[in-house]
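The values are calculated or read from the model by the stated rules, or taken from the named source; none is laboratory data. All figures in this text were calculated on a predicted structure; none of them were measured in a lab. Quick reminder, even Gly has a Cβ in these numbers, built from the backbone with ideal geometry, and neighbours come from all protein chains shown.
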Amino acid sequence: MNAESSEPRRRVSVRDVMKTKVDLVDGLTTVADAVRQMKHVETKVLIIDKRHDDDEYGIVMLSDIAREVLAKDRAPERVNVYEIMSKPVVTVHPDMDIRYCARLFEKFGLSRAPSSATARSSESSATRTWCCEACTATCDARSAAPPRQPVTNWPPACSQAPMPPVRW
């Protein structure tokens, strides 16, 4: 309960902040075709579809395309999405508390992650995938945080001669 009010704090889940419209592409699609197929203007990520039931989803962010294709002067028409994707991708459950999601993103340096849940319908069983944009607060907090100090006392003291401190 908050000190100002007698109402309990409302629990915010990943489902409350995630985007439900994502672009799903095949891994064999070229980068140029994948960018052309992006239907949603605000999309910053492409989810790479599974090839079969035992496969995992992949992810490509626009920053990956810039770093792996454009910066290296590779032709987007000749690079397949599977060549630059990250796979397997860390997923979060839609019912996860947003605070735990933020901790997960901070711990692993993530900015976006798909959220996956199995949806049952009368026709078939399908997996619906959404992109969790819960990272915004985490990224802002990470950029505002002071830089991490280098570790200078590693390895711990032992019987061998001491190592000089690491200079960054």
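Being out of contact with any helix residue (DSSP H, G or I) (no Cβ under 8 Å at 6 or more places or on another chain), farther than 21 Å from A113 by Cβ and not charged (D, E, K, R) is the filter; apply it to the range 25-40 and report the residue that is surrounded by the most Cβ atoms within 10 Å (Cβ to Cβ).
Initially, the range 25-40 is screened for residues out of contact with any helix residue (DSSP H, G or I) (no Cβ under 8 Å at 6 or more places or on another chain), giving 32-33, 36-40.
Those left that are additionally farther than 21 Å from A113 by Cβ: 32-33, 36-37.
This time we only want the ones that are not charged (D, E, K, R), so: 32, 37.
Details: A32: 15, Q37: 13.
Out of the qualifying residues, it is A32.
Does V22 satisfy the criteria of being surrounded by 18 or more Cβ atoms within 10 Å (Cβ to Cβ) and in contact with a His (Cβ under 9 Å, 6 or more places away or on another chain)?
yes
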Search result, residues across the range 49-94 that are hydrophobic (A, V, I, L, M, F, W, C), outside any loop (DSSP other than H, G, I, E, B) and either free of Cβ contacts under 8 Å to residues at least 60 places away in the same chain or out of contact with any strand residue (DSSP E or B) (no Cβ under 7 Å at 6 or more places or on another chain) (or both): I59, V60, M61, L62, I65, A66, V69, L70, V81, I84
E83 under 18 Å from the mean Cα position of the chain (by Cα) and surrounded by fewer than 18 Cβ atoms within 10 Å (Cβ to Cβ): yes
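Taking the range 9-19, which residues are in contact with a helix residue (DSSP H, G or I) (Cβ under 6 Å, 6 or more places away or on another chain) and either closer than 15 Å to V45 by Cα or surrounded by 18 or more Cβ atoms within 10 Å (Cβ to Cβ) (or both)?
V14
Quick one: which residue in D26, D16 is among the charged types (D, E, K, R) and modelled with pLDDT of 90 or more? If you could, list the steps in order and put the result at the bottom.
Values: D16 fails: modelled with pLDDT of 90 or more.
Of the residues listed, the single one that is among the charged types (D, E, K, R) and modelled with pLDDT of 90 or more is D26.
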Odd one out for A113, checked against (1) modelled with pLDDT under 90; (2) touching an Asp or Glu at 6+ places or on another chain (Cβ under 9 Å): (2)
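For the range 55-76, state whether one or more residues are basic (K, R), over 21 Å from V90 (Cβ atoms) and surrounded by 14 or more Cβ atoms within 10 Å (Cβ to Cβ). Quick ask: steps written out before the conclusion?
At the first step, the residues of the range 55-76 found to be basic (K, R) are 67, 72, 74.
From what is left, the residues that are over 21 Å from V90 (Cβ atoms) are 72, 74.
So of that shortlist, the ones also surrounded by 14 or more Cβ atoms within 10 Å (Cβ to Cβ) come out as 74.
Yes: one or more hits.
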Single unsatisfied condition, V81 versus (1) of a type in the set (V, I, T); (2) modelled with pLDDT under 90; (3) in contact with a helix residue (DSSP H, G or I) (Cβ under 6 Å, 6 or more places away or on another chain): (2)
